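Participant: So that we are looking at the same thing, I have put the structure below in structure tokens.
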Amino acid sequence: MGRELSLAFSAARELFEEADDILGFSLSRLAWEGPEEELTLTKNAQPALLVHSIAAHRVAEGELGPVTMAAGHSLGEFSAHVAAGTLTFKEALEAVRVRGELMFASGTERPGTMAAVLGLDEEGVEAICAAVGREGKVCVPANFNSQGQVVISGDLDGVARGMELAKNAGAKRAVSLTVSGAFHSPLMEPAAEGLREKLDKIKFSDPEYPVISNVTAEPVRMGSSARDLLVDQLTSPVRWRASVEKMVEMGAARFVELGSGTVLSGLNRRNARGVPCLSLGTPADFDALEK
């Protein structure tokens, strides 16, 4: 994660070195060499993802022209705010390390899980979650990723029941996800309380350009709002489809996905049909950009 980028670009390498100093351990070695089971622990994965995305942003600066807006999926919203100048890289890195620790602790105290439901519309999934709730279990929509792809989250029995009802309702698939907790659900309330304590100690500036909130799918233009929404995000669904549609409505002419993977670019084939989208996370990606 980010190793090739750091070998090719000094800006990326220096950022990983800065991250190691901030955290007091070699995140770069863990991100580049593993072991994978340690890297995927949410307390490590979240900082690593943030560093990789900001490293790609540092490399891309000046190459893409003016940025007019940004968004990030779940953790990525912190990266978007760093890019927009709402909070510093150091502050964001320390915050997401705490965020990961809090989310893991909440998942341990009250075990939960998540599952992807494919082939049902948002209203159908919401109705299924409501039905599970009436049975006394926890099951809520967690990620509205695209039309026909919604992730549910909740306690173990609730998600299992939600998957069963989704299949009965005609879902193409209902797939369990490998996660350490019920993210973006009420089970994350203790983590949200802890994150608020951390973020209250950080100065939030007004972003240099709008950052679309996961919670509201509306542009955030004030630092105080950004702080509140980053806390609310832990227990609220990620309204990703609506966020991308808002960006298109606001005039987005091209999307650039920064960091690890190409998941968001893939979702944009549905969420922003006809709008160019590229991913920048490896030297090869930047080579292709230059061509």
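Read-outs throughout are calculated quantities, based only on the coordinates presented, and are distinct from any laboratory measurement. No experiment lies behind these values; they were computed from the predicted model shown. Here the Cβ is made from the backbone with ideal geometry for all residues, glycine too, and neighbour counts use every protein chain on show.
Participant: What value does the range 112-177 have for Rg/Rh, both radii from Cα atoms and Rh as Kirkwood defines it? All intermediate terms of the calculation are to be shown ahead of the outcome.
Facilitator: On the way: Rg = 9.9 Å, Rh = 10.9 Å.
Rg/Rh for the range 112-177 comes to 0.90.
Participant: Turning to a different aspect of this structure: Percent antiparallel among DSSP beta bridges with both residues in the chain, to the nearest 5?
Facilitator: Roughly 75 percent of the DSSP beta bridges within the chain come out antiparallel.
Participant: Could you tell me the distance between the Cα centroids of the range 222-273 and the range 111-135, to the nearest Å?
Facilitator: 21 Å
Participant: In addition: If you take the charge dipole of the range 112-177 about its Cα centre, with +1 on Lys and Arg Cβ and -1 on Asp and Glu Cβ, which of 177, 138, 149 is farthest toward its positive end?
Facilitator: Value: 177.
Participant: Could I ask something else about it? Rounded to the nearest 500 deg cm²/dmol, what is the calculated helix-only ellipticity per residue at 222 nm for the chain, with -39500 (n - 2.57) per DSSP H run of length n ≥ 4? Present the calculation step by step, with values, prior to reporting the outcome.
Facilitator: Numbers: 14 runs with 153 residues, N = 291.
Counting only the DSSP helices, I get -16000 deg cm²/dmol.
Participant: Taking the Cβ of each residue in 275, 138, 238, 179 as the centre, tally the other Cβ atoms inside 10 Å and list the residues starting with the fewest.
Facilitator: 275, 179, 138, 238
Participant: So if I place +1 on the C-beta of Lys and Arg and -1 on the C-beta of Asp and Glu, and nothing else carries charge, what would the dipole magnitude of the chain be about its Cα centre? I want it in debye, nearest 20.
Facilitator: 640 debye
Participant: Loop by DSSP (not H, G, I, E, B), at most 14 other beta-carbon atoms within 10 Å: where is the longest site-free stretch of the chain for GluC sites (Glu not before Pro)? Walk me through the numbers before you get to the answer.
Facilitator: Details: sites that count: 61, 63, 135, 208.
Answer - 209-291.
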